[in-house]
Structures are given as C-alpha cells and as structure tokens.
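Enquirer: Dropping a structure here in structure tokens format, bear with me for questions.
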Amino acid sequence: MAADFAVVPTAGSYRLANATAPSALLTVPVATPDEDGLVIVNIEIRNGLIARITPLGDDPSPDILPTVDLDRGMVWPCFIDMHTHLDKGHIWPRRPNPDGTFGGALDATDHDRTGNWNADDVAGRMDFALRCAFAHGTATLRTHLDSIPPQHDISWPVFGDMRRKWAGRIDLQAVSLLPIDALADDRLASEIAATVSRHGGVFGAVTFMVPELDRILDQVMRRAAEAGLDLDFHVDETGDPTARSLRAVADAVKRTGFAGQVVAGHCCSLAAQPDDEAKAIMDAVAEAGIAVVSLPMCNLYLQDRTGGRTPRRRGVTLLSELTAAGVRTAIASDNIRDPFYAYGDLDMVEVYREAVRIGHLDHPIADSPRYATRVPANIIGRPDRGVMAAGAAADLVAFSARSYTELLARPQADRVVIRSGRAIDRTLPDYRELDALMEIPG
C-alpha cells in the first residue's frame, strides 16, 4: 500500500518513518545496507532541520511526533545540478536547430542571442526554468552564461537579480562562457574576469584545439589565480579522437600550479580515444585534481549525428573509468529546449535515470546516486548539500518507489519535494507563459 504523501506536514516537527535511503547519501552509517546499498530508516524533522536518522525499529525520541509512514518509499537529499545554461533555455520555439547537429546549434543560438537576448527576455526564461528545477527538487544549480560582448553586460546583471530573487529556494552559481581563443585578448580577458569577480562567479571558457592553446590556458589560469577565481571549462565536446584539450587543461594546471577548483565538462572525445591514451589522460586529470561533469542527455542528442545514419556513439565520457581513477565525476542537465537539446526540464531525476541507462551505472548501482547529489555538491564548494545528516536542512525528495528498479522505471511524477521541512507546491509552469516572450501567436 503506497504512502499518503498528502499528509506530509507543512511545518513543525514530524517523522518520516519506514523510509528507504541510499546509504551512499548518509554521512553517518545507520544500518547495514542491502546489496543495492539501501537502508530502511526513520528521519526525524524538527523546525526545518533533520534532527536524527535512525534505523527502523530504533526510535530514541522521548516524545510522540506526527508520523508519515512512507511504506519503504525512497528518500533522497535535494539535487545538485552543476552544469546548465539558463540563458539559452526555452528558445527552441523561436529558434530550433535545423538539423540537430552541433553546428546547427551554434548557428541558431548565435542568431537568437544577437537578435533577442535583452534583459527581459533572459530574465523571463531564467525564472521559468528555475521554477521547473525547484518543483523537481533541485536545491543548488550552476549555470553557464554566454559572455561574448556585449552579452556579458546583459546576462550577468540579470543573473545577479535572479540569485537574489531565488535565495532560500535555489542556491545559484554562474560561469562565464566564451571561446578559449577569445581570452587571448588581454583586454577582453580582464573585462570578463572583472565581471565574473563582481558577481561572485566562476571563470570559464570553451576549450578546443586552437593554436597556442597551452599559452592561452596558462594566461587564463594565472588571471584566475590573481583574481581568486575557480575555473569551469567546456572541454572536447566532440567525438573526434584527436581532440585532446582535456590533457592540455591538466598539463596547464601542473605547469602553473593553479590551486583553485577546475571543472571540465563534456569530455566526449575521451570515449573515442584508444584505451592507453585515454588512461594516460585520466591519470593526468586525477593528478591535477580536475573534476569532470558529464551531460548525458545533451551529448546523446548532438554527438555522432548524421542525417539518415544511426549514431554509433553515445557521446558520454568515461564515467566509470574516471571515477575509478580517483576523479570526482558528476552528471548534470546541460541545455533544455534550445538548439543544443530540444528537450529536458531541469529534472535531475530524469538526468540520473538516463545516465544510469546510457552509462551502465547500475551493476553495481549502490554508489550511483552520488553523481547527482553528493559529488557535484562537493565539486562546487557546497559539501553541506547532497547528503542527509543530523543538523542539515530538511531539504528532501520523497518517492513512492521502494527500489531502484521502481525509481528508474517511471518519471516519479508523484514525488514530494520537502524544503526546510515543508512540502512544496510542485505545480510546473505552463509553457504558454512563454508565448508572449517567444512572440508566438496564442
């Protein structure tokens, strides 16, 4: 019999009883997990915080709390979505990708950005996307912002306003995005770094095999170090095995001694390279302390696409091998309803489900929840997020699913999102809200 989630209290103190929790997301072992790494627990919530997590049958509470019996339904911490593009989101209705290719995405986005991305447009689409992410259970989100002038003077102030508006619901971070060779221009690099610093952001770029890549990377890392900025790159988003800018980033970290956090997103070409070469690159990445985030749905959509031909490659980087090499590895949403990916809704349950299927993260499955919660939280400097622990905020997602096969078989549309101990309204915004912004007739 399924639990009655409608009775989750809206405030005060209560207990989520008979809940199934991934042991990988508990900071303190509670009980011996089963073969899938799951444990049955009671979660006591007091005044918006997790007061204690105890094994089933071991309830030390001296008083009687209102209790919701989850009937073995799973409970996770809220999600961390560490690589998105809020500034591009939802432009598909007015600027679709004509052929589904990477080149088509670049061209369509360039035209839409130069023609339409004023402050009102960017803010309207950002807010719509964040309402979706919040309803799905995301608590922390990092977005890349196209920062090719003059767009940086539009999108970064909008982001600052959005971060203030969403404070307490979604913690927001932002990364600058422009081609790495553009940062060879010292004046522009200085201007972008100053913009990023002013908004408390992360310095970033798209790396690819351009002449003098090593010199430019060294300059970027020195500039980031001087400004006290972390780095987040789009790297080798291609199936071309000769694309090795991931190795170049790792070598630059070693040459410059850059001590900040470095993130490499995509890294698709790694899966197309010979095993010995890929291993050498992954070892260098691990030694440099670089974290990697894979974007399984967007890369599946774009990579190895040729009209009339079935794709051979999945476009996903070597998730299991990177993890085994000691690299902190995560998954994230990436683009939603724009020329780079026609679908998506900033739903990390969907991202996790597809990553497990695409990347064969299910045998064994016990540690797989870390990719969408604990690991990305650690990478982006929020180790307090993505875990369940006594004293932590009661930011949780409760599912009727009792096991991974149930969790991954359905979209989990009946999930309950709990923020600071309160069940939120999960009503998603209607796409018709965007019609006026898209200038589409009703």
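Enquirer: All but one of (1) under 23 Å from the mean Cα position of the chain (by Cα); (2) loosely packed, with under 14 Cβ neighbours inside 10 Å; (3) farther than 30 Å from Thr238 by Cβ hold for Glu35, so report the exception by its number.
Expert: Against the list (1) under 23 Å from the mean Cα position of the chain (by Cα); (2) loosely packed, with under 14 Cβ neighbours inside 10 Å; (3) farther than 30 Å from Thr238 by Cβ, Glu35 comes up short only on (1).
Enquirer: Restricting to the range 256-270, give me the number of residues that are closer than 22 Å to Val351 by Cβ, of a type in the set (Gly, Ala, Ser) and either touching a strand residue (DSSP E or B) at 6+ places or on another chain (Cβ under 7 Å) or part of a strand (DSSP E or B) (or both). Give the derivation first.
Expert: Going residue by residue through the range 256-270, those that are closer than 22 Å to Val351 by Cβ are 261, 263-270.
If we keep only those that are of a type in the set (Gly, Ala, Ser) as well, we get 264-265, 269.
Among the residues that remain, those that are also either touching a strand residue (DSSP E or B) at 6+ places or on another chain (Cβ under 7 Å) or part of a strand (DSSP E or B) (or both) are: 264-265.
Here the count works out to 2.
Enquirer: Out of the residues in the range 271-302 meeting the condition of being small (Gly, Ala, Ser) and outside any helix (DSSP H, G or I), tell me which one is most open to solvent (accessible area, probe 1.4 Å). Give the steps one after another, and end with the answer.
Expert: As a first pass, look at the range 271-302 and keep what is small (Gly, Ala, Ser): 271-272, 278, 280, 284, 286, 288-289, 291, 294.
With the extra rule that they be outside any helix (DSSP H, G or I), the set shrinks to 289, 291, 294.
Working: Gly289: 40, Ala291: 0, Ser294: 0 Å².
Only one residue fits best here, namely Gly289.
Enquirer: Working carefully through the options Ala19, Ala24, find the one that is modelled with pLDDT of 95 or more, open to solvent by less than 30 Å² (accessible area, probe 1.4 Å), under 21 Å from Ser403 (Cα atoms) and out of contact with any Asp or Glu (no Cβ under 7 Å at 6 or more places or on another chain).
Expert: Numbers: Ala24 fails: out of contact with any Asp or Glu (no Cβ under 7 Å at 6 or more places or on another chain).
None of the others qualify; the one that does is Ala19.
Enquirer: So which helices (runs of 4 or more DSSP H) are wholly in the range 306-387 and hold at least 1 residues that are in contact (Cβ under 8 Å) with a residue 12 or more places away in the chain, open to solvent by 10 Å² or more (accessible area, probe 1.4 Å) and under 18 Å from Leu141 (Cβ atoms)? It would help to see each step written out before you state the result.
Expert: Values: elements: 319-324, 348-359, 374-379.
Of the helices (runs of 4 or more DSSP H) lying wholly inside the range 306-387, those with at least 1 residues that are in contact (Cβ under 8 Å) with a residue 12 or more places away in the chain, open to solvent by 10 Å² or more (accessible area, probe 1.4 Å) and under 18 Å from Leu141 (Cβ atoms) span 348-359, 374-379.
Enquirer: On to the next question. Would you be able to tell me the number of residues in the range 411-442 that are loosely packed, with under 13 Cβ neighbours inside 10 Å and in contact with a Cys (Cβ under 7 Å, 6 or more places away or on another chain)?
Expert: Going through the range 411-442 one residue at a time, the tally reaches 0.
Enquirer: Please state which of the following conditions Met209 fails to meet, knowing it meets all the rest: (1) open to solvent by 10 Å² or more (accessible area, probe 1.4 Å); (2) part of a helix (DSSP H, G or I).
Expert: Evaluating Met209 over (1) open to solvent by 10 Å² or more (accessible area, probe 1.4 Å); (2) part of a helix (DSSP H, G or I) leaves (2) as the failure.
Enquirer: I'm checking my understanding of the structure. Among residues of the range 96-122 that are under 24 Å from the mean Cα position of the chain (by Cα) and part of a loop (DSSP other than H, G, I, E, B), which one is surrounded by the most Cβ atoms within 10 Å (Cβ to Cβ)?
Expert: Asn97
The values are calculated or read from the model by the stated rules, or taken from the named source; none is laboratory data. Note that the structure is predicted; figures quoted are calculated from it, not measured. Note that each Cβ is placed from the backbone with ideal geometry, even for glycine, and that neighbours are counted across all protein chains shown. Only protein heavy atoms, including side chains, enter the accessible area calculation; ligands, DNA and RNA are left aside. Shrake-Rupley method; radii C 1.70, N 1.55, O 1.52, S 1.80 Å.
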